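The values are calculated or read from the model by the stated rules, or taken from the named source; none is laboratory data. Remember, predicted model here, so these are calculated numbers, not experimental data. Please note: Cβ atoms are built from the backbone with ideal geometry, for glycine as well, and neighbour counts cover all protein chains shown. Ligands, DNA and RNA are stripped out before the accessible areas are found, and what is left, the full protein with its side chains, is counted by its heavy atoms. Shrake-Rupley method; radii C 1.70, N 1.55, O 1.52, S 1.80 Å.
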Amino acid sequence: MKENEGAMNQLFVTAPQPTLKRVADLDGPDFYPTPAWATYALIDNEKFHGDIWECACGDGAMSSVLSRTGQNVESSDLYDRGFGEPGIDFRETNRTATNIITNPPFNAAEDFVHTALKVADKKFALLLRLAFLEGAKRRSTIFSKAPPSRVWVFSERITFYPKGVKRKGSGTTAYAWFVWDKDHCGGTELSWLPTGYKKMDFN
């Protein structure tokens, strides 16, 4: 029995674990493109007028979907992943944009909010963990001063996979689109995105 328990413990230690969340670090070796359906869920339910800047574009996965809006899409990234303008650190930018839409690196989410508040003329939308709503620090530095206009909660879970990995299974981390709209009046609106996007084939 003990031998079997040891084998089972070894199995749990060595078995590949599913990717539960995007953990792209600031040095750039970890790369988790955004599934197309997650971007479609935003642009189907939140309208953008004017140019869009995808400022953490990676390999262009999100930019290619955003182009379906009919708006001009500019793409950049801190790292060169073969798409867009490389070497642009959004956190240090002086560039302005009508709209900004991106999935920021996990460890830089708060910095992206602070920068986008300064450089977005109309709207900016960030794909973030729903748990981003938590925390005394964020309440003090972001939400008490500039709360999001709308939070679109995913009813279906997003799983982020490293580039080139076969997709299967589902993540356990809840995500939402956080939208700041400069023309919005009133408090934060909380809405749930419709189901069905995840099973659609957008390729």
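Among the residues here, GLU110 does not qualify as open to solvent by 60 Å² or more (accessible area, probe 1.4 Å), within 18 Å of the chain's Cα centre (by Cα) and under 23 Å from ILE43 (Cα atoms).
Quick check: is even one residue across the stretch 185-192 outside any loop (DSSP other than H, G, I, E, B), in contact with a helix residue (DSSP H, G or I) (Cβ under 8 Å, 6 or more places away or on another chain), of a type in the set (Phe, Trp, Tyr) and at pLDDT 95 or above?
Within the stretch 185-192, the first condition is being outside any loop (DSSP other than H, G, I, E, B), and the residues that meet it are 189-192.
Pick out the ones that are also in contact with a helix residue (DSSP H, G or I) (Cβ under 8 Å, 6 or more places away or on another chain) and you get 191.
Now drop any that are not of a type in the set (Phe, Trp, Tyr), which leaves none.
No, because not a single residue in the stretch 185-192 is outside any loop (DSSP other than H, G, I, E, B), in contact with a helix residue (DSSP H, G or I) (Cβ under 8 Å, 6 or more places away or on another chain), of a type in the set (Phe, Trp, Tyr) and at pLDDT 95 or above.
Checking each residue in the stretch 121-130 for being open to solvent by 30 Å² or more (accessible area, probe 1.4 Å), farther than 15 Å from GLU189 by Cα and either among the acidic types (Asp, Glu) or within 13 Å of the chain's Cα centre (by Cα) (or both) picks out ASP121, ARG129.
Would the stretch 174-184 turn up any residue that is at pLDDT 95 or above, open to solvent by 70 Å² or more (accessible area, probe 1.4 Å) and more than 25 Å from ASP44 (Cβ to Cβ)? The answer is no; no qualifying residue exists. Look at (1) assigned to a helix (DSSP H, G or I); (2) open to solvent by 10 Å² or more (accessible area, probe 1.4 Å); (3) at pLDDT 95 or above and you find that GLU3 fails only one, number (3).
Would you call LYS122 assigned to a strand (DSSP E or B), in contact (Cβ under 8 Å) with a residue 60 or more places away in the chain and either touching a Phe, Trp or Tyr at 6+ places or on another chain (Cβ under 7 Å) or under 21 Å from LEU66 (Cβ atoms) (or both)?
Numbers: assigned to a strand (DSSP E or B): yes; in contact (Cβ under 8 Å) with a residue 60 or more places away in the chain: yes; either touching a Phe, Trp or Tyr at 6+ places or on another chain (Cβ under 7 Å) or under 21 Å from LEU66 (Cβ atoms) (or both): yes.
When the stated conditions are applied, LYS122 passes them.
Looking at the structure I just gave you, is ARG95 of a type in the set (Lys, Arg), touching a helix residue (DSSP H, G or I) at 6+ places or on another chain (Cβ under 8 Å) and not in a helix (DSSP H, G or I)? So ARG95 passes the test. The set of residues in the stretch 143-162 being under 21 Å from LYS182 (Cβ atoms), touching a Phe, Trp or Tyr at 6+ places or on another chain (Cβ under 9 Å) and not in a loop (DSSP other than H, G, I, E, B) consists of ARG150, VAL151, TRP152.
Based on what the data block shows, is GLY58 assigned to a loop (DSSP other than H, G, I, E, B) and farther than 27 Å from ALA174 by Cα? Please lay out each step first, then the result.
Details: assigned to a loop (DSSP other than H, G, I, E, B): yes; farther than 27 Å from ALA174 by Cα: no.
Criteria not met by GLY58.
Taking residues in the stretch 153-172 that are under 13 Å from ALA36 (Cα atoms) and of a type in the set (A, V, I, L, M, F, W, C), and partners anywhere that are at pLDDT 65 or above and not in a loop (DSSP other than H, G, I, E, B), the pairs with Cβ atoms closer than 7 Å and at least 6 places apart or on different chains are ILE158/ALA38; ILE158/TYR175. Filtered by the rule that a residue be out of contact with any strand residue (DSSP E or B) (no Cβ under 8 Å at 6 or more places or on another chain) and on the phi > 0 side of the Ramachandran plot, the stretch 73-86 gives a lone residue, GLY82. Inclusion of GLY50 among residues that are closer than 20 Å to ARG150 by Cα and open to solvent by 10 Å² or more (accessible area, probe 1.4 Å) is warranted. Taking the conditions (1) in a loop (DSSP other than H, G, I, E, B); (2) surrounded by fewer than 15 Cβ atoms within 10 Å (Cβ to Cβ) in turn, SER140 satisfies each one other than (1).
Name the residues in the stretch 150-172 that are closer than 16 Å to ALA131 by Cβ, modelled with pLDDT under 95 and either open to solvent by 30 Å² or more (accessible area, probe 1.4 Å) or of a type in the set (Phe, Trp, Tyr) (or both), would you? Don't jump to the end; show me each part of the working.
As a first pass, look at the stretch 150-172 and keep what is closer than 16 Å to ALA131 by Cβ: 151-154, 157-158, 160, 171-172.
Pick out the ones that are also modelled with pLDDT under 95 and you get 157-158, 160, 171-172.
Passing the criteria: ARG157, PHE160, THR172.
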